[in-house]
Amino acid sequence: MCVLAIDQGTSATKALVVDPADGVLAACEVPLDPGPVHLPGGGVEQDPGALLASVLDAGRRALDEAGRPRLAAVALANQGETVLAWDRRSGEPLTPAIVWQDRRAEPLCAELAEAREWVARRTGLVLDPYFSAPKMAWLRRHLTTEGVVTTTDSWLLHRLTAGAAYVTDAATASRSLLLDLDAVAWDAELAGLFGLAEEETPRIVACDEVVGTTDAFGAQVPVAGLVVDQQAALLAQGCHAPGTAKCTYGTGAFLLANTGGRALRSAQGLTASVAWRAGGATPYCVDGQVYTAASAVGWLTQLGLVGSAAELDAIASEDGEVMFVPGLAGLAAPWWRPEATAAFTGMTLATRREHLVGAVLRGIAAQVAELAELVGAEVGAPLTRLRVDGGLTRSRALMQAQADLLQAPVDVYASPHATALGAAALARLALEPGLGLAAAVGERPDGARYEPRWPAERAAGHRARWRAAVNATLEHSS
């Protein structure tokens, strides 16, 4: 049963041809061309045409590489909170895609500040431009009132199914600020709060539901296995039991922990979402975000401090005197300070590029360690290990820093395709409902394991100095 699993991301689209017996038959990654555009005032936009073209190109290339096997289904994982307006009749986009990193809805969130606690209770999320609804409302105020406004998955699925599907999955919907988290249903009061009461919302579907068919990649095949990217990776990592956690190091770094059938309301500044809806069950997860991980490495590349991510380990210094606060696009959990900026501290005339590069990696790892500590408090037990995936896990320096600062083992997922493999498992479950979730996912491919080398005292001291740097940066930003 071959599945074409597509992972449509912020800077590129991956496509895998997956067979349960033979594993990954082919993989193709197509960078977005043009890529995300960063604008003054915190704007981040994408060309919707580039999103669709990358999906089609990556999928067709992967199938060609695999020898055009007979497909059973096409699965799609998506960015989560990126939105656009589009015409339902023609399928044509009416606006750029407003990326999850976009901060231009901050004034709108400030207007609604009195509703912050009510919104958190209803949705499990924080009232912040990171999530979909503020960006949708900003788009309606500033770009167009025409068409429908949705997350990118709904538009891509509409195009792939020749207009037949107008849907979004339960996990993606739970990242919108428009969903009653406990009921897993659109909430009219929330829509009214954001001025979106008249919008035509897509139908919420299960992640293992067949939503239509597509001939975009050859013969007509079912479309199933719809899920937001981070939850797809949580599934693929085998985090099916409450208290198990993973972190994905992509454009940003995202730490998620399964909380079972209980939708938490975090007291720690974390957010809660649907993990997936599949097999008749709806587990939840709690998560924290680092907005800039690979994008911070990209920034180092632009500055000429490294030639590429492949050079990180050769350059990064283990000297921990210089601190870096990774606020290049604001700070998310647990601070939720979109106006925060990045900062280096502890520099002297002896500071060299290797110290700055090492500080950036440790800054990312320190924020993930903070999130892991908060997640442990929420689930009622410290995390005893962290499962990790994503492109930056290839950096030994980053992974060792993560183990040192977390003071727990870090287990790398051997495949670089966790998100797509999670979507593929859900598509397989849609076609064989009796298979069961664990069987659909299969065995987790184990990669490298990093054990802490730093003593606990050194890790605690480093994290204390890093928190002091964060506090100083936030004080300067206020």
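The values are calculated or read from the model by the stated rules, or taken from the named source; none is laboratory data. In this text the structure is predicted, and so the values were computed from the model without any measurement. Cβ atoms come from the backbone with ideal geometry, glycine included; neighbour counts cover every protein chain shown.
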Index of the failed condition, Glu114 passing every other in (1) crowded, with 21+ Cβ neighbours inside 10 Å; (2) part of a helix (DSSP H, G or I): (1)
field: Residue identified as in contact with a Cys (Cβ under 7 Å, 6 or more places away or on another chain) and within 22 Å of Arg277 (Cα to Cα) among Leu435, Leu386, Leu421, Leu426
entry: Leu426
message: Within region 400-448, take every residue that is out of contact with any helix residue (DSSP H, G or I) (no Cβ under 9 Å at 6 or more places or on another chain) and among the charged types (D, E, K, R) and give me the one that is nearest to Gly212 (Cα to Cα).
response: Glu443
- request: Would you check which residues across region 163-204 are free of Cβ contacts under 8 Å to residues at least 40 places away in the same chain and within 21 Å of the chain's Cα centre (by Cα) and list them?
  value: Ile204
message: Among the numbered criteria (1) farther than 23 Å from Thr10 by Cα; (2) crowded, with 18+ Cβ neighbours inside 10 Å; (3) modelled with pLDDT under 95; (4) not acidic (Asp, Glu), which one does Ala333 miss?
response: (1)
statement: Result of the Cβ filter at 6 Å on region 324-353, keeping first residues that are charged (D, E, K, R) and partners that are assigned to a helix (DSSP H, G or I), at least 6 apart or interchain, is Arg337/Leu474; Glu339/Ser477
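If you check Val379, Val325, Val357, which single one turns out to be closer than 30 Å to Gly260 by Cβ, of a type outside the set (Gly, Ala, Ser) and in the same structural domain as Trp466 (by TED's automatic domain parsing)? Please lay out each step first, then the result.
Working: Val325 fails: closer than 30 Å to Gly260 by Cβ; Val357 fails: closer than 30 Å to Gly260 by Cβ.
Residue meeting the stated conditions: Val379.
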- prompt: Take the residues of region 139-158 that are hydrophobic (A, V, I, L, M, F, W, C) and in contact with an Asp or Glu (Cβ under 8 Å, 6 or more places away or on another chain): which is nearest to Gly41 (Cα to Cα)?
  reply: Val149
task: Can you give me the number of residues within region 293-309 that are over 20 Å from Gly252 (Cβ atoms) and assigned to a helix (DSSP H, G or I)?
output: 0
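Here's the yes/no breakdown for (1) in contact (Cβ under 8 Å) with a residue 60 or more places away in the chain; (2) more than 30 Å from Thr341 (Cα to Cα):
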position: Ala62; (1), (2): no, yes
position: Gly67; (1), (2): no, yes
position: Gly80; (1), (2): yes, no
position: Leu84; (1), (2): yes, no
position: Ser90; (1), (2): no, yes
position: Pro93; (1), (2): yes, yes
position: Ala97; (1), (2): no, no
position: Trp100; (1), (2): yes, no
position: Glu111; (1), (2): no, no
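Inspect all residues belonging to region 55-69 and state whether any of them is within 17 Å of the chain's Cα centre (by Cα) and closer than 25 Å to Ala170 by Cβ. Walk me through how you get there before you give the answer.
So the first thing to find is which residues in region 55-69 are within 17 Å of the chain's Cα centre (by Cα), and the list is none.
Checked against the condition, which is being within 17 Å of the chain's Cα centre (by Cα) and closer than 25 Å to Ala170 by Cβ, region 55-69 yields no hits at all.
Residue-wise test of (1) crowded, with 24+ Cβ neighbours inside 10 Å; (2) touching a strand residue (DSSP E or B) at 6+ places or on another chain (Cβ under 9 Å); (3) at pLDDT below 95.
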| site | (1), (2), (3) |
| --- | --- |
| Val149 | yes, yes, no |
| Leu157 | yes, yes, no |
| Thr172 | yes, yes, no |
| Ser176 | yes, yes, no |
| Ala183 | no, no, no |
| Leu193 | no, no, no |
| Glu199 | no, yes, no |
| Arg203 | no, yes, no |
| Glu209 | no, yes, no |
task: Spot the failing condition for Glu318; the list is (1) in a strand (DSSP E or B); (2) surrounded by fewer than 20 Cβ atoms within 10 Å (Cβ to Cβ); (3) among the acidic types (Asp, Glu), and only one is missed.
output: (1)
- prompt: Residues that are over 27 Å from Leu421 (Cβ atoms) and outside the structural domain of Tyr284 (by TED's automatic domain parsing): which helices (runs of 4 or more DSSP H) entirely in region 161-267 hold 2 or more of them?
  reply: 188-193
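Conditions tested, residue by residue: (1) of a type outside the set (Lys, Arg); (2) crowded, with 21+ Cβ neighbours inside 10 Å; (3) in contact with a Leu (Cβ under 7 Å, 6 or more places away or on another chain).
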{"residue": "Leu179", "(1), (2), (3)": "yes, yes, no"}
{"residue": "Thr213", "(1), (2), (3)": "yes, no, no"}
{"residue": "Val228", "(1), (2), (3)": "yes, yes, no"}
{"residue": "Tyr249", "(1), (2), (3)": "yes, yes, yes"}
field: The one condition in (1) within 17 Å of Pro283 (Cβ to Cβ); (2) without any contact (Cβ under 8 Å) to a residue 60 or more places away in the chain that Thr213 fails to fulfil
entry: (1)
field: Which numbered condition Ala440 fails, given (1) within 18 Å of Gln231 (Cα to Cα); (2) touching a residue at least 60 places away in the same chain (Cβ under 8 Å)
entry: (2)
